[in-house]
Amino acid sequence: MFSKILALALGVLTLADAHQVPLRAGSDVDVSTPTGAQDATIFSLVYGIPLTQYVIFADSIANKSSGQWTTNSILHETTLANATYRAIVRPNVDTLYSESLIDLSVNDVVATMPAVEGRFFVWPFYDVYGNNFCNIGTATSSRAGKYLVKYSPANPGCIASDTGEYAGTINMPTPYGAAVLRIEVDNTTDADYVVSSIQRTFTIVPQAVDRPQVAPALTRSLLNDGLDVNDIPLYIMQLTARIAPFNLPEESKDVAWVTSVLQLAGISDGPYSQPSGVDLPTAYSAALAEINSIETRGFFTSFGNGWSALRADVSGDFHGHYNVRAFVALEGYMQLNITEALYPLYEVDQTFFSNQSYTVEFYGKPQVLAFWSLTIYDEQGYMVPNDLNRYSLNNRGSMTYPNGTLISETPADSGARFYMLLQSTDYPASPEWESNWLPTPADGKVFNFLMRFYRPENSLFDGTYEYPKVTAVEVNPPIPSAL
Ligand SMILES: *[C@@H]1O[C@H](CO)[C@@H](O)[C@H](O)[C@H]1NC(C)=O
Ligand SMILES: *[C@@H]1O[C@H](CO)[C@@H](O)[C@H](O)[C@H]1NC(C)=O
Ligand SMILES: *[C@@H]1O[C@H](CO)[C@@H](O)[C@H](O)[C@H]1NC(C)=O
Ligand SMILES: *[C@@H]1O[C@H](CO)[C@@H](O)[C@H](O)[C@H]1NC(C)=O
Ligand SMILES: *[C@@H]1O[C@H](CO)[C@@H](O)[C@H](O)[C@H]1NC(C)=O
Ligand SMILES: *[C@@H]1O[C@H](CO)[C@@H](O)[C@H](O)[C@H]1NC(C)=O
């Protein structure tokens, strides 16, 4: 059951969806006649959920920096994500990450991007809610050099410059944010090369600026102290009260009504003050139902054979789609915009148990300008521990056609089929399957998987490419070519 406020907010979404239809004056949400604190609380929970992921991201950077709180610098991950990685859910194992916690409360930041030849990389910038509002790197053909990162809520995004001290300006919609550089790596040897020769040439440093402070300094204490972490809905409201008043919506047309709805819910200037009559647990259930319901409300595009992905216009940069923003924060915070990567999920509603093996039959290689992969996750979105340290299969690694030829060795796509085997670590793959085996959890546990298409070509959207077919099979089935 949708609350009225959310229904209204979704009304705005529907209008905003049709960008060509100009909003009529007065057709926006009328928050001068709010419908009650309970509904406002439901909206505020949906609105604030991404902030919980921001705290995890920030704390994990501090943990990896020997417990030192570090903003406006860059932390290079020197190994690919593995089963101990916790900074974000559903990390990839295609790229090395370099993470930055950005705080523009009192200063600007200068991000320096080197020239990197012959290798995909993307340097995405995010606002505090996980909106990927700017990307520099391979896909955007950005010029190497210095980029000035400024708090500029009136015109979020990046602006390239052909002349002058800066190769471009990055206008952040919120004073707090993040950057999560991803550099393609092919294997562990390649990763060592990237770490020693490429990563460190990307830098982030603060730059003093003469202007008033726009938010409290982003500290560990601000994000962590004095919050009731054991009461999730209360925690979200308290955290939102600390962060949201200084970090306004990316869409400037939403600022006024979002501010009023937050106020009605007890969030304005100071700590969260729960309005009388508000039932937080009930509001939280309604907020989660609202977030989950996006799966059935037209926000996904179906590609056939059970695969679907978020619609291109709500991928990575969510604008006014607060429910999708919360969904992605919980499912894969700091997603990339569609121009960088397409993330097809297999049947978001289906449950896969690792007491069952599955084959994934590909009808030819996915067509991408960069590269692609399929990665398995446990129920929490973390990697599945296994003896091979293999979390993903992709176009660069061990995978072979049924005749044993490496997939990576056939340059052009012949449309020839190949197969992955998804099978529990309890049942190691037979030697014939090992190169194409992707281990699923032990003990019959639940898992899920997704593909990543970096710099996807149109064939992956327009129905030309037939998406792979997933089939339940016996343990170590015969190699399909033998059938
Ligand atoms: C950071 O370290 C603390 C203390 O060890 C731990 O409780 C917390 O879960 C860690 N957070 C992350 C995101 O790794
Ligand atoms: C997983 O990654 C961590 C951090 O990079 C590293 O210390 C650890 O050795 C890795 N574990 C395996 C099994 O590779
Ligand atoms: C995101 O993708 C859209 C196409 O859907 C594009 O118009 C927009 O410029 C992209 N934004 C960023 C930040 O990459
Ligand atoms: C690792 O990747 C590099 C760079 O693509 C490649 O030259 C090398 O052959 C690869 N090594 C293995 C063992 O696959
Ligand atoms: C696997 O476990 C699930 C859940 O317990 C059960 O429904 C299913 O029948 C099992 N499948 C097999 C092949 O044992
Ligand atoms: C194996 O199959 C692939 C895909 O059909 C093909 O490109 C390759 O030439 C074959 N290799 C051999 C040795 O037949």
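Throughout, read-outs are computed from the coordinates displayed, never taken from laboratory work. These figures come from a predicted structure and were not determined experimentally. Glycine gets a Cβ as well: all are built from the backbone with ideal geometry, and neighbour counts include every protein chain shown.
Per-structure values
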quantity	calculated
Interchain or long-range residues, amide H under 5 Å from W437's placed H	L421
Set of lysines with alpha-carbon distance to K365 below 18 Å, sequence-local pairs under 8 removed	K469
Tensor-based shape of region 183-321 (alpha-carbon gyration tensor, a/c under 1.5 rounded, otherwise prolate or oblate)	oblate
Calculated from backbone phi, Karplus (6.51, -1.76, 1.60) coupling profile of region 168-182 in Hz, x at Gly/Pro	x, 10, 10, 9, 7, x, 10, x, 9, x, 7, 9, 10, 4, 10
Rounded to 10°, Cα long-axis angle of helix 280-292 versus longest principal axis of the chain	50 degrees
Relative contact order (%) - the chain, alpha-carbon pairs under 8 angstrom, separation at least six	17 percent
Tilt relative to the chain, helix 232-243 - C-alpha long axis, 0 to 90 degrees, to 10	60 degrees
Separation in nanometres of the label points that stand 7 Å from Cα toward Cβ, at A208 and S459	5.6 nm
Potential lengthening between E432 and D190 on full extension [0.36 nm per residue; Cα-Cα distance subtracted]	84.5 nm
Backbone HN-Hα couplings from phi across region 250-267 [Karplus 6.51/-1.76/1.60, Hz, Gly and Pro as x]	4, 7, 5, 5, 8, 4, 5, 6, 4, 4, 5, 5, 4, 4, 4, 8, x, 10
